[in-house]
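Participant: Have a look at this one.
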Amino acid sequence: MKTEMKSRILDALGAAAALTISFLLCRYIFFEIHSMMQWPFVLYLLGLVVILVAAVFGGRKIMYSTAWGYLISFMLGMTFNWDTYHPEFDPGVTANNNWSIWLLSFLGFLAMAIIFDIIVKRKN
């Protein structure tokens, strides 16, 4: 019992460390690419909550796919984004959808990991 608890704690700390590194890269190093200050932190907090819940329920795959999903989703968001023109605001105002691609792909990673973990646990 104690080794399982230690294993869960170590997995959670490892996943949280990987998520923190991903957050620091996305928020500070790649800031010039996306210019978002708050959004990377919001997704980081979401990832930490998911890792904590997964650690309680023993979802090791969920923890690590949260950490990797954050960084991969960032790359997907920055690769497939586009600018949109909004004439209803001031002339020349544009917006970018990289934040929504980042969010949806991150939620997709989390959903796939949860489904995969449930399937594996039911087979065992």
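Participant: Which condition number in (1) within 21 Å of residue 120 (Cβ to Cβ); (2) at pLDDT below 95; (3) not aromatic (Phe, Trp, Tyr) is the one that residue 97 fails?
Facilitator: The number of the failed condition is (1).
Participant: Looking only at residues that are touching a Ser or Thr at 6+ places or on another chain (Cβ under 7 Å) and not aliphatic (A, V, I, L, M) in segment 98-124, which one is farthest from residue 79 (Cα to Cα)?
Facilitator: Filtering segment 98-124 for residues that are touching a Ser or Thr at 6+ places or on another chain (Cβ under 7 Å) and not aliphatic (A, V, I, L, M), the one farthest from residue 79 (Cα to Cα) comes out as 109.
Participant: Which one is surrounded by the most Cβ atoms within 10 Å (Cβ to Cβ) among residues in segment 74-116 that are farther than 30 Å from residue 62 by Cα and either small (Gly, Ala, Ser) or under 13 Å from the mean Cα position of the chain (by Cα) (or both)?
Facilitator: Applying the filter and picking the extreme gives 95.
Participant: So, residue 5, is that one under 16 Å from residue 54 (Cβ atoms) and surrounded by fewer than 18 Cβ atoms within 10 Å (Cβ to Cβ) or not?
Facilitator: yes
Participant: Same structure again: Out of all the residues in segment 5-47, which are basic (Lys, Arg) and under 13 Å from residue 70 (Cβ atoms)?
Facilitator: The one that is basic (Lys, Arg) and under 13 Å from residue 70 (Cβ atoms): 27.
Participant: Now a separate question. Pick out the one residue from 95, 55 that is aliphatic (A, V, I, L, M) and in contact with a Lys or Arg (Cβ under 6 Å, 6 or more places away or on another chain).
Facilitator: On the way: 95 fails: in contact with a Lys or Arg (Cβ under 6 Å, 6 or more places away or on another chain).
The conditions single out 55.
Participant: Continuing with this model, one more query. For segment 35-73: of the residues being aliphatic (A, V, I, L, M) and at pLDDT below 90, which is surrounded by the most Cβ atoms within 10 Å (Cβ to Cβ)?
Facilitator: Among them, the one singled out is 36.
The values are calculated or read from the model by the stated rules, or taken from the named source; none is laboratory data. Here the structure is a predicted model, which is why all the values come from computation and not from measurement. So basically every Cβ, Gly included, is an ideal-geometry build from the backbone, and we count neighbours across all protein chains shown.
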